[in-house]
Amino acid sequence: MIRIVLADDHEIVRSGFRMLIEQDPEMAVVGEAADGMQAYEVVAKEKPDVLLMDISMPPGQSGLVACERIAKDHPHTRIIIVTMFAEPEYLYFTLRGGASGYVLKNSSSEELLGAVKSVVGGGTYIHPKMAASLTKQLFTGDGSEADASYKKLSTRELEILQLLAKGYTNKEISELIFLSVKTVEAHRSKIYAKLGLKTRADLVAYAMAHKLLDI
């Protein structure tokens, strides 16, 4: 039996996945979570074979941050990102964070279940459209160094960049992601330095241009 945990901030999405998964006699849903922190706690408790998780979940702990933590602390659980985002930036950060699979939400039920079985067997599954874009970047060097500067960011820095771009203050960010204001300020300075930015307007424009706001 393949034991699965679902993490998505929309209950109706989790319900749909549960109905789909439990039609397969080889799979069972053993837990659900509505954000990244809950996902970490449920995985720690249930020790599932697979975690199906969205990227974009409420601040406090995003799917991307949770992915990295879970992959590090619970390597026995294979993580599949299930998302609507088909941009290569999203794929880059999730694979770097330890995900074993990347499935788009408009995929067929057969593809999702196949991805689960693939990663449980030790493989990696990437949606064909995403795999094609990744291959193009690897073999054509698509994108300049400036375009790829976001790759210099750590997962935590990316999370703070998103919140800054959405208008949150340093204090509000510290409360949302449980860091001190001084730590947030230090991360902010590093973000600006790594990306060569000077103002918040520059940061917002950069985040929008590189489609980083919802990772």
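The values are calculated or read from the model by the stated rules, or taken from the named source; none is laboratory data. Keep in mind it's a predicted model, so treat the numbers as computed, not measured. Quick reminder, even Gly has a Cβ in these numbers, built from the backbone with ideal geometry, and neighbours come from all protein chains shown. These area figures cover heavy atoms from the full protein model, side chains too; ligands, DNA and RNA do not enter into them. Shrake-Rupley method; radii C 1.70, N 1.55, O 1.52, S 1.80 Å.
Among the listed pairs 166/190; 47/105; 105/151, give every one whose C-alpha distance is greater than 20 Å.
47/105; 105/151
If you average the sequence gap of Cα pairs under 8 Å that are 6 or more apart and divide by the length of the chain, what percent do you get for the contact order?
Worked out over the chain, it gives 16 percent.
Looking only at 98, 114, 16, which one moves most when the chain is put into a Gaussian network model with springs between Cα atoms under 10 Å?
16
Could you work out the helix-only [θ] at 222 nm for the chain, with each DSSP H run of four or more residues adding -39,500 (n - 2.57) and the total divided by the number of residues, to the nearest 500 deg cm²/dmol?
Mean residue ellipticity, 222 nm, calculated: -15500 deg cm²/dmol.
Would you mind getting the accessible area per residue of the chain, heavy atoms of the protein chains only, 1.4 Å probe, in Å²?
For the chain, the solvent-accessible area averages 47 Å² per residue.
Write out the trypsin sites (Lys or Arg not before Pro) in segment 85-134 meeting two conditions: DSSP loop, and at most 10 other Cβ atoms within 10 Å of their Cβ.
none
Is the shape of segment 43-115 rounded, prolate or oblate, going by the alpha carbon gyration tensor and its root eigenvalues a ≥ b ≥ c, with a/c under 1.5 for rounded and a/b larger than b/c for prolate?
Here segment 43-115 falls in the oblate category.
Using the alpha-carbon atoms, what tilt in degrees (0 to 90, nearest 10) does helix 63-73 show relative to the longest principal axis of the chain?
Tilt of helix 63-73: around 70 degrees.
Does anyone have the angle between helix 36-46 and the longest principal axis of the chain? Alpha-carbon axes, 0 to 90°, nearest 10?
30
Restricting attention to segment 171-215, which trypsin sites (Lys or Arg not before Pro) occupy a DSSP loop and are surrounded by at most 11 other Cβ atoms within 10 Å?
Here the trypsin sites (Lys or Arg not before Pro) that fit, given the DSSP loop and packing criteria, are 198.
Given a 1.4 angstrom probe, I'd like the percentage of the accessible area of the chain that is carbon and sulfur, rounded to a whole number.
Heavy-atom surface of the chain belonging to carbon and sulfur, 1.4 Å probe: 56 percent.
Work out, step by step, the length gained on full extension between residue 117 and residue 34: first 0.36 nm times the residue separation, then minus their alpha carbon distance; give nm to one decimal.
Extra length available between residue 117 and residue 34 comes to 27.5 nm.
Which distance in nm do the two modelled labels at residue 185 and residue 152 give, with both placed 7 Å along the Cα-to-Cβ direction?
For the pair residue 185/residue 152, the computed spacing is 2.3 nm.
What is the Cα coordinate range of the chain on the first, second and third principal axes, sorted by size from largest, in whole angstrom?
55, 42, 28
Under 5 Å between amide H atoms, partner at least 5 residues away or on a different chain: which partners does residue 78 have, H built in plane at 1.01 Å?
50, 51
Output the 0 to 90 degree angle, nearest 10, between the alpha-carbon long axis of helix 200-209 and the longest principal axis computed from the alpha carbons of the chain.
40
Pick out which of 54, 35, 73 has the largest mean-square fluctuation in a Gaussian network model of the chain, springs linking Cα atoms closer than 10 Å.
Checking each option, the largest mean-square fluctuation is seen for 73.
Just to verify a number: FRET efficiency for residue 201 and residue 108, C-beta to C-beta distance, R0 = 45 Å, to 0.05?
Working from the Cβ atoms, E equals 0.60.
Compute the distance in nm between two label points, each set 7 Å from the Cα along the Cα-to-Cβ direction, one at residue 194 and one at residue 208.
For the pair residue 194/residue 208, the computed spacing is 2.3 nm.
Rounded to the nearest 0.05, what FRET efficiency do residue 26 and residue 166 have when you use their Cβ-Cβ distance and R0 = 35 Å?
According to the calculation, E is roughly 0.30.
Assuming a ≥ b ≥ c are the square roots of the Cα gyration tensor eigenvalues, decide whether segment 1-103 counts as rounded (a/c under 1.5), prolate (otherwise, with a/b larger than b/c) or oblate.
Rounded.
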